[in-house]
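What follows is a single structure, written as C-alpha cells, with notes after it.
The values are calculated or read from the model by the stated rules, or taken from the named source; none is laboratory data. In this text, all values refer to a predicted model and were calculated from it rather than measured experimentally. Cβ: placed from backbone, ideal geometry, glycine included. Neighbour counts: every protein chain shown. For the accessible areas, the whole protein counts, side chains as well, though only heavy atoms, and no ligand, DNA or RNA atoms are used. Shrake-Rupley method; radii C 1.70, N 1.55, O 1.52, S 1.80 Å.
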Amino acid sequence: MNTFIELTNKIKPFFKEYLEEKNIPLNGMFNCINPNHNDGTPSMSYFPKGNIVKCFGCGYIADIFIAYSDLDNAPKNGHTYVIDNVKKLAEKYNIPVPNDIISQENLLSYNLYKVYETIGNLIISDEHFSEKPFIMRGWNAEECRKNGIGSIKDPEKFINTLQTLTNTPRETLDNYGITEHLINDNTIIMPIKT
C-alpha cells in the first residue's frame, strides 16, 4: 500500500481532537469554518463516522486536511501539501512519518520553491524595494510593484534576510544561482506565480 495514503489514514481520526483544540464546540451545530462563509447562525455539524464536518448553509465539507488548510493557512494541494500539511499534522499528533514519504529530490524542489516564493514577497516589500531600476527605464515603479514586479536596493541585506526567512545557507543560494545571477541592485524581478 502507498505509504502516503497510510499516513493520511492515520491522521484522519485526530480530526475531533483538532477541532476541540480550535475551541469548536462539537455537541450540536456550530458556526461554519469555511473562510468564505460569514456564518451568523450555526449551520455546521461534525460527523464522527466519516471524520468530516459539513455546513448545511453553504455546503462546505471538510476533513482534517481541508480544515487545517483553512484554519491554519496551510496548502490544500500542490508540492508543498506534503510538508506543510500532512507532515505537520503527523508530527502534531506524534504519528511517525516514513523516511521515504519525501524524496531528496522532492525536498530540494520544495526548498527551492520556498526560496523563490520568499523572493517574490521580499522584492515588493518596503524594506527591499528599489525604484531606481524602474526610473532608469521610465517605468511607473508603484504600478510595477502592485503587479508583483520588484527590485532590490541592498543585495547583501536582501540575501541575509532571504537566508534567515528560508533557513537556507548562503552556499545553497549560490548553488541555485540566486546570489550570482538574480540578485543585484539593477535587476528587475518578475516572478511567475502559479
Original post:
Over the Cα atoms of the chain, what is the Rg over Rh ratio if Rh follows Kirkwood?
Top reply: 1.09
**OP:** With a cut-off of 15 Å, note down the residues of segment 5-40 whose backbone N falls inside the zone around a label point 7 Å from the Cα of Ile95 toward its beta carbon.
**Re:** 5-19
Original post:
Where does the chain land at 222 nm, in deg cm²/dmol rounded to the nearest 500, when only DSSP H runs of n ≥ 4 count, each adding -39500 (n - 2.57), divided by all residues?
Top reply: -11500 deg cm²/dmol
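Take peptides 13-19, 46-52 and line them up by average Cβ neighbours within 10 Å, highest first, as a rough protection proxy. Present the calculation step by step, with values, prior to reporting the outcome.
Details: 13-19: 17.1, 46-52: 13.0.
In descending order of packing, they fall as 13-19, 46-52.
Given contacts defined as C-alpha pairs under 8 Å and at least six residues apart, what's the relative contact order of the chain, whole-number percent? Don't jump to the answer; show the numbers that get you there.
Details: 204 pairs, mean separation 27.3, N = 194.
Relative contact order here is 14 percent.
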Original post:
Trp139 versus Phe47, label points 7 Å from Cα toward the beta carbon: distance in nm?
Top reply: 5.1 nm
Subject >> 5 angstrom amide H check on Ala74, placed H, neighbours 5+ away >> reply: Ser69
**OP:** List, in order, the whole-Hz ³J(HN,Hα) value for each residue of segment 12-19 obtained from phi through the Karplus relation with A = 6.51, B = -1.76, C = 1.60 and θ = phi - 60°; use x for Gly and Pro.
**Re:** 3, x, 8, 4, 4, 4, 4, 5
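Return the carbon/sulfur percentage of the accessible area of segment 120-168, one whole number, probe 1.4 Å, all protein chains in place.
Numbers: 1300 of 2760 Å².
The nonpolar share, carbon plus sulfur, comes to 47 percent.
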